[in-house]
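Only one structure is covered here, and it is reproduced in the block below.
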Amino acid sequence: MKTYCRCPSCGEENDHAILKEAGDLLVQCVDCGNIFHIRKPKEPEVLVIRTVVSDAEISEVGNVELLEDEICGKGDLLVAEIGDEVFTVEVTGIECGDKRRNRAKAYEISTLWTRLVDEVVVKVSVHDKRRTIPYYIRCEGERDFVIGEIERIEKIPFRITHIKLRDGAMMRKEGWKAYARKITRVYGTRV
C-alpha cells in the first residue's frame with residue numbers, strides 16, 4: 001500500500017510505501033528511501049445526501065451516500081435508495097444551498113437532482129410518408145439504439161434514421177449507436 005505525503009528528508013511530495021500501520025504510519029519515501037512516521041489520515045465520513053429521483057412524470061425523494069470529500073458532477077451515475085429499493089440514477093442537477101452547480105464536493109451539496117436510468121422511456125417519432133406518429137418505448141437504460149437498424153413498435157416496423165441525444169447532439173451516421181438513457185428522441189421511417 002502507498003500514501004501521498006511530503007518527505008522531511010528530500011522535501012518532495014510524492015508516494016510513500018506504508019511499512020507498518022498502527023496508531024500512526026511508518027512510511028518510506030520512494031525517491032530517497034528515508035523512513036519516518038506520519039499521522040494516520042482521517043477516514044472520510046460517509047454523508048447521506050437528499051436526492052430527488054425522477055422517472056418520466058413521477059418524482060420521489062430518496063438519498064445517495066457519498067464520501068465527504070468525493071466530487072460529484074452532472075452526468076455521474078450513482079446508486080440511490082428510496083425506502084428499501086435501490087436504483088441507478090444519473091445526476092441532472094446539483095444544489096448547493098441556493099445555488100446550482102455542475103460539480104461540487106459532497107459536503108457542499110444540499111440536494112441532488114437525478115433521473116432513473118435503470119429503466120427509461122424513449123420517445124420515438126415514426127414517419128410514414130403522410131404523417132409522423134409518436135410512440136413511447138419503456139426499456140433498460142443500457143439498451144442500444146443503432147442508426148440503420150429495423151425496430152418494431154406495436155407490430156409496426158421502422159428503420160432508425162437519426163437519434164437526438166440529451167446533450168443536444170444529433171446522430172445521423174449509419175451504424176452509430178447510443179444508450180437509451182442518453183437519448184432524447186429516436187426518429188425513423190416506416191418500412
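D118 to K105: extension gain in nm, 0.36 nm per residue of separation minus the Cα-Cα distance?
2.2 nm
Please give the direction-averaged projected area of the C-alpha convex hull for the chain, in square nanometres with one decimal.
So the mean shadow area of the Cα hull is 16.8 nm².
What list of whole percents do you get for P(r) of segment 1-62, with Cα-Cα distances grouped in 5 Å bins up to the one holding the largest distance?
P(r) for segment 1-62, in whole percents per bin: 4, 16, 20, 13, 8, 5, 5, 6, 8, 8, 6, 2, 0.
Per q in 0.16, 0.18, 0.26, 0.27 Å⁻¹, report the Debye log10 I(q)/I(0) for segment 114-181, using one uniform scatterer on each alpha carbon and no solvent.
For segment 114-181, the Cα-only Debye profile gives -0.56, -0.71, -1.39, -1.44.
Simple spin-label model, 7 Å along Cα-to-Cβ: E45 to Y179 in nm?
Once both label points are built, they end up 3.2 nm from each other.
If a cysteine in the chain has no other Cys Cβ under 4.7 Å from its own Cβ, put it on the list, ordered by number.
C5, C72, C96, C139 - these cysteines have no disulfide-compatible partner (Cβ-Cβ under 4.7 Å) in the chain.
What order do you get for 96-109, 130-143 when each peptide is scored by the mean count of other beta carbon atoms within 10 Å, highest first?
The packing order, highest mean first, is 96-109, 130-143.
Find the accessible area per residue for segment 1-91; the probe is 1.4 Å, ligands and nucleic acids are left out, and the unit is Å².
I get 65 Å² per residue for this part.
Taking 0.36 nm per residue of separation and subtracting the Cα-Cα distance, what length does fully extending T3 through V79 add?
That pair, T3 and V79, stretches by 24.5 nm at full extension.
Please go through the residue pairs K74/K177; K74/K99; K2/K182; K129/K173; K105/K177; K74/K155 and name each one whose alpha carbons sit more than 26 Å apart in this structure.
Listed pairs above 26 Å: K2/K182; K105/K177; K74/K155.
Please give the charge dipole size of the chain, origin at the Cα centre, charges +1 on K and R Cβ atoms and -1 on D and E Cβ atoms. Round to the nearest 20 debye.
Using Cβ point charges on Lys, Arg, Asp and Glu, the chain gives about 1520 debye.
Build a GNM of the chain with springs between Cα atoms under 10 Å: which of E68, E154, E85 gets the top mean-square fluctuation?
Among E68, E154, E85, the largest GNM mean-square fluctuation belongs to E154.
Percent of accessible area on the chain owned by carbon and sulfur, 1.4 Å probe?
Carbon and sulfur together cover 47 percent of it.
Return the whole-Å distance between the Cα centroid of segment 83-112 and the Cα centroid of segment 46-80.
Spelled out, the Cα-based centre of one part sits 5 Å from the other.
The values are calculated or read from the model by the stated rules, or taken from the named source; none is laboratory data. Just so we're clear, the structure is a prediction, and the values are computed from it rather than from any experiment. Note: ideal-geometry Cβ built from the backbone for every residue, glycine included; neighbour counts use all protein chains shown. Surface accessibility is based on the protein's heavy atoms, side chains included, excluding ligands, DNA and RNA. Shrake-Rupley method; radii C 1.70, N 1.55, O 1.52, S 1.80 Å.
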